[in-house]
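The values are calculated or read from the model by the stated rules, or taken from the named source; none is laboratory data. Values in this document were obtained by computation on a predicted structure and should not be read as measured data. Neighbour counts are summed over all protein chains in view; Cβ atoms, including those assigned to glycine, are modelled from backbone coordinates with ideal geometry. When the accessible area is computed, the model is the full protein with side chains, heavy atoms only, and any ligands, DNA or RNA have been set aside. Shrake-Rupley method; radii C 1.70, N 1.55, O 1.52, S 1.80 Å.
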Amino acid sequence: VASLEACHERYQALNNSPYHSLPTWVARMVEKPMEGLFWQADHIVPVDEGGGESDLTNYQTLCMPCHEKKTKEQAQRKKQRRNAD
């Protein structure tokens, strides 16, 4: 995406990808594409579920939409655990 020179080309490319679900991020990616906006490191086993003290085998790279979705799902599980206690 960063290699596309025109903003409208970047916008079109991102809107045709899974990133379209993150309109704020798409705006940032179009205006100033840079590292950290497209991919994020993720704990396979979440920290609050016991994955905080592990080595690199507990890490994976996820695209922003997938990472945001996974984070929301983890937050829901955490809330359910709290309500169960």
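The stretch between residue 82 and residue 12, if pulled fully straight at 0.36 nm per residue, gains 21.0 nm over its current Cα-Cα span. Pair-distance distribution of the chain: all C-alpha pairs, bin width 5 Å, starting at 0; shares per bin in whole percent are 3, 13, 19, 18, 14, 12, 10, 6, 3, 1, 0. Ligands, DNA and RNA left out, the accessible area of the chain computed with a 1.4 Å probe is 54% carbon and sulfur. Farthest toward the positive end of the dipole of the chain, out of 37, 13, 75, is the Cα of 75, where the dipole comes from beta carbon charges about the Cα centre.
Note on residue 73 and residue 58: their simple-model spin labels are 1.9 nm apart, each label 7 Å out from Cα toward Cβ.
How large is the accessible surface per residue of the chain, computed with a 1.4 Å probe and reported in Å² as a whole number? Please report the intermediate quantities before stating the final value.
Details: 6260 Å² over 85 residues.
Ligands and nucleic acids excluded, the figure is 74 Å² per residue.
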